[in-house]
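J.: Below: one structure in structure tokens.
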Amino acid sequence: GNSVTQMEGPVTLSEEAFLTINCTYTATGYPSLFWYVQYPGEGLQLLLKATKADDKGSNKGFEATYRKETTSFHLEKGSVQVSDSAVYFCALSGPWTGNQFYFGTGTSLTVIP
Amino acid sequence: NAGVTQTPKFRILKIGQSMTLQCTQDMNHNYMYWYRQDPGMGLKLIYYSVGAGITDKGEVPNGYNVSRSTTEDFPLRLELAAPSQTSVYFCASSPGSVAPAHTEAFFGQGTRLTVV
């Protein structure tokens with residue numbers, strides 16, 4: 001079946017620290033992988049995505065690489081800011097899943113000045 | 001560029017009341033979804049639709065109903081509201097393309113529902 005396992009939170013970092021949020025997946029076929037971000041009181045917004053193995057998605061200083069050999073899509077940022085405080089969701093989808101989305105449970109990040 | 005629009009943003013219901021959460025999208029997407037998000041939890045799929053006239057149950061459909069008479073609209077109906085339905089509800093849409101590059105989901109801002 002299809003599933004996403006995400007690093008448990010909450011995560012608290014100081015400003016300018018390095019961020020890694022782990023995400024691994026189980027899927028049939030060749031899914032696309034996504035990171036969504038949810039700011040307080042808002043809906044989910046697409047942060048970045050990768051559609052095939054070895055693709056790197058990037059946006060706003062965040063990066064994640066689609067690793068088929070380790071079934072992983074870890075989110076990284078070299079220097080976090082207070083404004084990055086949010087909940088981050090890893091997800092997979094695509095034609096192989098019938099276009100259903102499978103989300104991880106979310107990781108809450110708080111960045112302190 | 002409206003995207004996915006949900007109304008209302010907030011609502012308080014009494015136990016046993018009914019209501020409809022509205023969702024409309026202007027991107028001509030085939031796929032639409034309803035999720036609920038409980039505090040500190042991930043998203044659970046309630047219902048989804050692959051096109052006008054076609055709906056199917058997700059993980060947690062009990063106590064809800066949907067319809068999809070047009071491509072744009074996908075309302076969620078709560079019958080006989082219960083405290084367990086207190087949650088934040090998100091509507092989303094996706095092209096549902098066979099091309100992996102075009103499969104991302106777009107979310108509305110959510111409806112925060114409290115049943116008392």
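J.: Being within 11 Å of chain B (Cβ to nearest Cβ) and in contact with a Phe, Trp or Tyr (Cβ under 7 Å, 6 or more places away or on another chain) is the filter; apply it to the stretch A:67-93 and report the residue that is modelled with the lowest pLDDT. Give the derivation first.
T.: If we filter the stretch A:67-93 for residues that are within 11 Å of chain B (Cβ to nearest Cβ), which is where we start, we get A:87, A:89-93.
From the residues that got through so far, the ones that are in contact with a Phe, Trp or Tyr (Cβ under 7 Å, 6 or more places away or on another chain) too are A:89-93.
Numbers: A:PHE89: 95, A:CYS90: 96, A:ALA91: 94, A:LEU92: 92, A:SER93: 89.
Per the criteria, the residue is A:SER93.
J.: Residue check, B:ASN65 against (1) free of Cβ contacts under 8 Å to residues at least 24 places away in the same chain; (2) assigned to a strand (DSSP E or B); (3) within 11 Å of another protein chain (Cβ to nearest Cβ), all met but one. Which one?
T.: (3)
J.: Examine the stretch A:16-31 for a residue that is closer than 16 Å to B:GLU104 by Cβ, β-branched (Val, Ile, Thr) and surrounded by 12 or more Cβ atoms within 10 Å (Cβ to Cβ), and state whether such a residue exists.
T.: no
J.: Quick one: would you say B:TYR31 is under 11 Å from the mean Cα position of the chain (by Cα) and of a type outside the set (D, E, K, R)? Steps first, answer last, please.
T.: Working: under 11 Å from the mean Cα position of the chain (by Cα): no; of a type outside the set (D, E, K, R): yes.
No.
J.: So, in the stretch B:35-49, of the ones that are hydrophobic (A, V, I, L, M, F, W, C) and part of a strand (DSSP E or B), which residue ends up farthest from the chain's Cα centre (by Cα)?
T.: Narrowing the stretch B:35-49 to residues hydrophobic (A, V, I, L, M, F, W, C): B:41, B:43, B:45-46.
Keeping just the survivors that are part of a strand (DSSP E or B) gives B:43, B:45-46.
Numbers: B:LEU43: 11, B:LEU45: 9, B:ILE46: 7 Å.
So the residue we want is B:LEU43.
J.: Another question, if that's okay. Is it the case, given these coordinates, that A:TYR102 is within 14 Å of chain B (Cβ to nearest Cβ) and either closer than 23 Å to B:GLY58 by Cα or touching a Lys or Arg at 6+ places or on another chain (Cβ under 6 Å) (or both)?
T.: Numbers: within 14 Å of chain B (Cβ to nearest Cβ): yes; either closer than 23 Å to B:GLY58 by Cα or touching a Lys or Arg at 6+ places or on another chain (Cβ under 6 Å) (or both): yes.
For A:TYR102, the condition - within 14 Å of chain B (Cβ to nearest Cβ) and either closer than 23 Å to B:GLY58 by Cα or touching a Lys or Arg at 6+ places or on another chain (Cβ under 6 Å) (or both) - is met.
One line per residue, one yes/no per condition, for (1) under 30 Å from A:PRO10 (Cβ atoms); (2) within 11 Å of another protein chain (Cβ to nearest Cβ):
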residue	(1), (2)
B:MET41	yes, yes
B:ASP56	no, yes
B:ASP73	no, no
B:ALA81	no, no
B:GLN85	yes, no
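J.: Looking for whichever is at pLDDT 95 or above, in contact with a strand residue (DSSP E or B) (Cβ under 8 Å, 6 or more places away or on another chain), among the small types (Gly, Ala, Ser) and under 18 Å from B:GLU104 (Cα atoms) here; the options are A:GLY61, A:GLY43, A:GLY57. Which one fits?
T.: On the way: A:GLY61 fails: under 18 Å from B:GLU104 (Cα atoms); A:GLY43 fails: at pLDDT 95 or above.
Among A:GLY61, A:GLY43, A:GLY57, only A:GLY57 is at pLDDT 95 or above, in contact with a strand residue (DSSP E or B) (Cβ under 8 Å, 6 or more places away or on another chain), among the small types (Gly, Ala, Ser) and under 18 Å from B:GLU104 (Cα atoms).
J.: Would you check if there is a residue in the stretch B:80-90 being of a type in the set (A, V, I, L, M, F, W, C) and free of Cβ contacts under 8 Å to residues at least 24 places away in the same chain? Steps first, answer last, please.
T.: Our first condition is that a residue be of a type in the set (A, V, I, L, M, F, W, C); within the stretch B:80-90, this holds for B:80-82, B:88, B:90.
Cutting the leftovers down to free of Cβ contacts under 8 Å to residues at least 24 places away in the same chain gives us none.
No, the stretch B:80-90 contains no residue that is of a type in the set (A, V, I, L, M, F, W, C) and free of Cβ contacts under 8 Å to residues at least 24 places away in the same chain.
J.: Counting residues that are surrounded by fewer than 19 Cβ atoms within 10 Å (Cβ to Cβ), under 15 Å from the mean Cα position of the chain (by Cα) and not aliphatic (A, V, I, L, M), which strands (runs of 3 or more DSSP E) fully inside the stretch A:62-113 reach at least 1?
T.: A:62-65, A:75-77, A:107-112
The values are calculated or read from the model by the stated rules, or taken from the named source; none is laboratory data. Not measured: the values here are computed from a predicted model. Because the Cβ atoms are built from the backbone with ideal geometry, glycine has one as well, and the counts that use them run over all protein chains shown.
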